[in-house]
Amino acid sequence: MDIPRPLALTPGEPGGIGPDICIQLAQQARDYSVVAVGSPELLTERAARLSLPIKIEHYEPGTSASRDAGHLSVLPVELGAAAQAGVLNPANATYVLETLTLATRGCLEGTFSGLVTGPIHKGVINDAGIPFSGHTEFLAQLTDAYPVMMLACPGLRVALATTHLPLKDVSAAINTTLLEQVITILHRDLARRFGIPDPNILVCGLNPHAGEGGHLGREEIEIISPVLEQLRQTGMRLEGPLPADTLFTPPYLERADAVLAMYHDQGLPVLKHLGFGNAVNITLGLPIIRTSVDHGTALDLAGTGKADIGSLQAAIKAALELTTAAVN
């Protein structure tokens, strides 16, 4: 009998709510298979703190993963130092990256069908002396791919041309090569992974009012518009560059399959306002399926039992749907 390949789940920052939501998820019987890649000791300790029952089962690749309530299959990774709920410790930075590396490698080798990631804290990893700008960039390096970050919630998908950059660096990063690559990947994966054969993509301008005819910036005239026109010649449906302050309104969004924002905080505040708790971070452009929660480590909630698992459930649901689409 074929054993269904489980999803890999990385709990993320040990001091944050990632371990909490893994434990909370395990309280429910599941109709899918998932394996947490992390420290059994950490998960056991956090379950005790939350007063939730848990039976940790060490996972061996190629075997079945538990779906029973109160059970969680775990691929063990050893902590670098004892973890305390609500406290960051740079000594565990290598642990966080090792969980991501093992889970990604398992996806590439076919052990796992996809990867769902819990929240990490970029700052503490950098404090450990390890240059790190985020999940998206790290996974792209592991898989030798070009990533496109997209968040999705019911009614809206927002992809990003640039991700974790200081605002002062965004304009210099917006160039013809980057936009061609990002839009091509976005268009391809909307068709390949989401089953939208002819997606309509709305593209934000970089500047207020999309540059106001060059009076508020010339990136729209000199870079964005020429790229869009060139890609339209290949058959892509692209609208823009459009002013971001009016693009995120019903008359535009009702005809959009996705929006491309030029930088992180141009598009994501709108999406998170609309769908926080039900939004999912999806990395396009990778050879593996990867989704993630839409929230951070929430150190103040770690170990309190107040963490909401809605985004984790949405991320798992999205990963399962993408896995099914890939099979079909």
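The values are calculated or read from the model by the stated rules, or taken from the named source; none is laboratory data. The structure presented is a predicted model; accordingly, all values stated were derived computationally and were not measured. Cβ sites come from the backbone with ideal geometry, for glycine too, and all protein chains shown count toward neighbours. In case anyone asks, the SASA skips ligands and DNA or RNA and just uses the protein heavy atoms, side chains included. Shrake-Rupley method; radii C 1.70, N 1.55, O 1.52, S 1.80 Å.
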(message) Between the stretch 9-49 and the stretch 125-203, what is the separation of their alpha carbon centroids in Å?
(response) 28
(request) Measure up Lys55/Lys272; Lys55/Lys317; Lys122/Lys168 against 31 Å on the Cα-Cα distance and list the ones that go over. (result) Lys55/Lys272
(request) Note down the net charge around Pro199, summing +1 for each Lys or Arg and -1 for each Asp or Glu among other residues with Cβ under 14 Å from its Cβ. (result) +3
(message) Nearest 10 degrees is fine. How inclined is helix 176-192 to the longest principal axis of the chain, computing both from alpha carbons?
(response) 60
(message) Along the charge dipole of the stretch 57-151, pointing to its positive end and built from +1/-1 on Cβ of Lys, Arg, Asp and Glu, which listed residue (Ala128, Leu75, Ser113) has its Cα farthest out?
(response) Ala128
(request) Just reorder Arg218, Arg30 by solvent-accessible area, largest first, 1.4 Å probe, all chains present. (result) Arg218, Arg30
(request) Taking all pairs of distinct Cα atoms, average 1/r, flip it, and tell me the Kirkwood hydrodynamic radius of the chain in Å to one decimal place. (result) 20.5
(request) Subtracting the Cα-Cα distance from 0.36 nm times the residue separation, let me have the gained length for Leu178 to His164 in nm, one decimal. (result) 3.6 nm
(message) In the stretch 147-285, if the dipole is taken from +1 on Lys/Arg beta carbons and -1 on Asp/Glu beta carbons about the Cα centre, which of Leu167, Ala279, Ala261 is farthest to the positive end?
(response) Ala279
(message) Using protein chains only and a probe of 1.4 angstrom, how many square angstrom of Ser225 are accessible, to the nearest 10?
(response) 40
(request) Go through Leu88, Leu50 and list them by solvent-accessible area, largest first, probe radius 1.4 Å. (result) Leu88, Leu50
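Which of rounded, prolate or oblate describes the stretch 101-226 when judged by the alpha-carbon gyration tensor and an a/c cut-off of 1.5? Kindly include the intermediate steps, with their values, before the conclusion.
Numbers: a/c = 2.33, a/b = 1.40, b/c = 1.66.
It is oblate, given that a/c is not under 1.5 and a/b is not larger than b/c.
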(request) Note down the accessible area of Met149, probe 1.4 Å, to the nearest 10 Å². (result) 10
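Grab the Cα-Cα distance for Leu108 and Tyr252, subtract it from 0.36 nm times how many residues apart they are, and report the gain in nm with one decimal.
Values: separation 144, 0.36 × 144 = 51.84 nm, distance 3.80 nm.
That pair, Leu108 and Tyr252, stretches by 48.0 nm at full extension.
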(message) Out of all DSSP beta bridges in the chain, what portion is antiparallel? Express it as a percent rounded to 5.
(response) 30
(message) Pairs of alpha-carbon atoms within less than 8 angstrom and 6+ residues apart define the contacts here; what relative contact order does the chain have, in percent?
(response) 22
(message) Suppose only helical runs count, i.e. DSSP H with n ≥ 4. What mean residue ellipticity at 222 nm does that imply for the chain under -39500 (n - 2.57) per run, divided by all residues and rounded to the nearest 500 deg cm²/dmol?
(response) -11000 deg cm²/dmol
(request) Using only protein heavy atoms and a 1.4 Å probe, report how much of Thr163 is accessible, in Å² to the nearest 10. (result) 30
